[in-house]
Amino acid sequence: MRHFLTINDLSKEELHELLEDAITMKQEVKDGIPHPHLAGQTLGMIFEKSSTRTRVSFEVGMYQLGGHALFLSANDIQLGRGETVADTAKVMSRYVDGMMIRTFGHAKIEEFAANATVPIINGLTNEHHPTQVLADLMTIKEHKGELKGLKVAFIGDGNNNMTHSLIQGAVNADMSIIVASPKGYEPDQDIVDEAATEGSVSFTYDPKEAVKDADIIITDVWASMGDEAEIETRLQTFKDYQVNSDLVDYAQRDYLFLHCLPAHRGEEVTADIIDGPHSVVFDEAENRLHAQKALLKKLLKK
């Protein structure tokens, strides 16, 4: 694996090895055991979309690995003034050991990867959010012990980056996944079709059908970054897709609730669910750090 642009860049074996390494390094941090696997190395981080968890987890992760992370907003580099993606990738490759990019269209990060001579990590695009799903899978593994055979239900906007990466991640981890969304918000069919050749992927317009006997319930905000102008329309469209006490009654008794955060309590999820005993959202947020450290180690260690 040279780059990490989607979950599909990892084989099943690589995914499980990475998750085990992440769990090991998480325990090492708690035990005070240093692991400077990337001593002297630098990660360039280009942010065209802002983030709390992505920036902090990558910066802290590189520090704990003995390296350095360099934050670059679009206004800090010539990319924001019209320099081509290809030229930026070639120049940055002369300075840093790897790059994490958080941007809009997925084609841009593919162009970065095509022109870079160092590993490129997708910190988020409009179509995929693979680093978040690594943390999700790690969290589920910690709490459930095994991933294989679990049923994942995603409730909300099916045509967004989280859903697409979750579909790929669930199949790669030998879990089944069902997505429930309103009409017009179905997942990308090409992603569904590709994943369906490897595992169990299904779709429904009925959130109760999706949640029935689910081991894992996941949702996301109804208006992602860039969709703010549609918020009033989306509040009406998604009102029957809220994760609440009535809906989770259809799930397994020991279900886990995940949300990539930030969350809008009272919209996609009620406070009693996200702050309740089945919620692991803050373990999930913490695990961005550990899962990404395992990824950085795999890609950058020389």
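The values are calculated or read from the model by the stated rules, or taken from the named source; none is laboratory data. Not measured: the values here are computed from a predicted model. Please note: Cβ atoms are built from the backbone with ideal geometry, for glycine as well, and neighbour counts cover all protein chains shown.
Here are some conditions: (1) out of contact with any Ser or Thr (no Cβ under 9 Å at 6 or more places or on another chain); (2) under 29 Å from PHE104 (Cβ atoms); (3) surrounded by fewer than 13 Cβ atoms within 10 Å (Cβ to Cβ). ALA195 meets all but one. Which one does it not meet?
With respect to (1) out of contact with any Ser or Thr (no Cβ under 9 Å at 6 or more places or on another chain); (2) under 29 Å from PHE104 (Cβ atoms); (3) surrounded by fewer than 13 Cβ atoms within 10 Å (Cβ to Cβ), ALA195 is out only on (3).
Specify which of the listed residues (GLY169, GLY149) is in a loop (DSSP other than H, G, I, E, B) and in the same structural domain as LYS239 (by TED's automatic domain parsing).
From the options GLY169, GLY149, the qualifying one is GLY149.
Going through the stretch 53-68 one residue at a time, which ones are more than 19 Å from CYS260 (Cα to Cα) and either in a strand (DSSP E or B) or of a type in the set (Val, Ile, Thr) (or both)?
HIS68 - this is the single residue of the stretch 53-68 that is more than 19 Å from CYS260 (Cα to Cα) and either in a strand (DSSP E or B) or of a type in the set (Val, Ile, Thr) (or both).
For a quick check of your reading of the model, give me the residue pairs whose first member lies in the stretch 69-86 and is of a type in the set (Val, Ile, Thr), whose second is surrounded by 12 or more Cβ atoms within 10 Å (Cβ to Cβ) and assigned to a loop (DSSP other than H, G, I, E, B), with beta-carbon atoms closer than 9 Å and at least 6 apart or on different chains.
ILE77/GLU83
Inside the stretch 200-302, counting only helices (runs of 4 or more DSSP H) that do not spill past its ends, which hold 2 or more residues that are touching a residue at least 60 places away in the same chain (Cβ under 8 Å) and aliphatic (A, V, I, L, M)?
Once the helices (runs of 4 or more DSSP H) in the stretch 200-302 are filtered for at least 2 residues that are touching a residue at least 60 places away in the same chain (Cβ under 8 Å) and aliphatic (A, V, I, L, M), what remains is 281-300.
Limited to the stretch 69-109, what total is found for residues that are over 24 Å from the mean Cα position of the chain (by Cα) and in a helix (DSSP H, G or I)?
Number satisfying all stated conditions: 13.
Is it the case, given these coordinates, that SER50 is of a type in the set (Ser, Thr, Tyr) and assigned to a loop (DSSP other than H, G, I, E, B)?
yes
Output the residues belonging to the stretch 214-242 that are loosely packed, with under 13 Cβ neighbours inside 10 Å and either under 19 Å from ILE274 (Cα atoms) or among the aromatic types (Phe, Trp, Tyr) (or both).
Matches in the stretch 214-242: LYS239 only.
Could you check, for the stretch 262-277, whether at least one of its residues is more than 29 Å from ASP213 (Cβ to Cβ), of a type outside the set (Lys, Arg) and either buried (at least 19 other Cβ atoms within 10 Å of the Cβ) or in contact with a His (Cβ under 9 Å, 6 or more places away or on another chain) (or both)?
No: the stretch 262-277 contains no residue that is more than 29 Å from ASP213 (Cβ to Cβ), of a type outside the set (Lys, Arg) and either buried (at least 19 other Cβ atoms within 10 Å of the Cβ) or in contact with a His (Cβ under 9 Å, 6 or more places away or on another chain) (or both).
Across the stretch 14-47, what is the total count of residues that are under 19 Å from the mean Cα position of the chain (by Cα) and among the acidic types (Asp, Glu)?
Of the residues in that region, 4 qualify.
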